[in-house]
Amino acid sequence: ENARLRDLLKSSFYSDNIKRVTIRDTVLKQQYTYTIARVINNSVHQRNNYITVNRGKKHGIEKGMGVTSSSGIVGIIINVSENFATIRSLLHTETKISVSVDANIGSLVWGEGNFDARYAILKDIQSHLLVKKGARVVTSEFSLFPPGTNIGTVSKTGVKGNDSSLDIEVKLDTDFASLQYVYVINNMLSKE
């Protein structure tokens, strides 16, 4: 039921602004669909964490699809069998997500010196930009996730990354230790 409702969310559609010689010049078309999956295996205490779910090829799941929970992003599908799929968790040193905070675009990574499942690091935010503690961090329009998908909130600012950018600590919305169900996102325009 939740997956069907998510299919109807406005963020699951995109605007097709191609002008046509008709009464309407804008048509909304669905861009994202969601498939619910049950978590059957999950790790959170490793350097590189993975999640296994009970959905696979026969359910329409493909490599490269994004995965969220009811509270925020979870990871990316990396392996698919007929009935199961493996997710490279956000809690993996090779996962990098394009995010937005206060209209500034950056990259979210995990495990840079801290392997706490509750926090990640926002990188590539220019050091002259002001990002306040408590600011909401969401996926950007450059992500494979629907833009505006929750990720977390800024918990610590002003940590120098390099000369021109900041490393910002983000408290994640998703409680990875208690994941039971997730949503696998099919971006119907991804192949195109």
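The values are calculated or read from the model by the stated rules, or taken from the named source; none is laboratory data. Computed from a predicted model, the values in this text were never measured in an experiment. Neighbour counts run over all protein chains shown; Cβ positions are idealised from the backbone, glycine included. To get the accessible areas, we keep the full protein, side chains included, count just its heavy atoms, and leave off ligands, DNA and RNA. Shrake-Rupley method; radii C 1.70, N 1.55, O 1.52, S 1.80 Å.
Observations
- Of the whole protein surface, ARG47 contributes about 150 Å² of accessible area at a 1.4 Å probe radius.
- The order of TYR119, TYR32 by accessible area, most exposed first and with a 1.4 Å probe, is TYR119, TYR32.
- Under the convention that each Lys and Arg Cβ holds +1 and each Asp and Glu Cβ holds -1, the size of the dipole of the chain around its Cα centre is about 380 debye.
- Separation of alpha-carbon centers, the stretch 127-160 and the stretch 171-192, rounded to whole Å: 17 Å
- Dipole of the chain, positive end: most advanced residue of ILE76, ASN187, GLY66 [Cβ charges, Cα centre]: ASN187
- Of all accessible heavy-atom area on the chain, the percent that carbon and sulfur account for (1.4 Å): 48 percent
- ³J(HN,Hα) computed for each position of the stretch 65-82 - Karplus, 6.51 cos²θ - 1.76 cosθ + 1.60, integer Hz, glycine/proline x: 6, x, 9, 10, 10, 5, 9, x, 6, 10, x, 10, 5, 10, 9, 9, 10, 4
- Ranked by how many other beta carbons lie within 10 Å on average, peptides 128-138, 78-88 from highest: 78-88, 128-138
- Solvent-accessible heavy-atom area per residue, rounded to whole Å², over the stretch 72-190 at 1.4 Å: 46 Å²
- The chain - percent relative contact order, Cα under 8 Å, separation 6 or more: 22 percent
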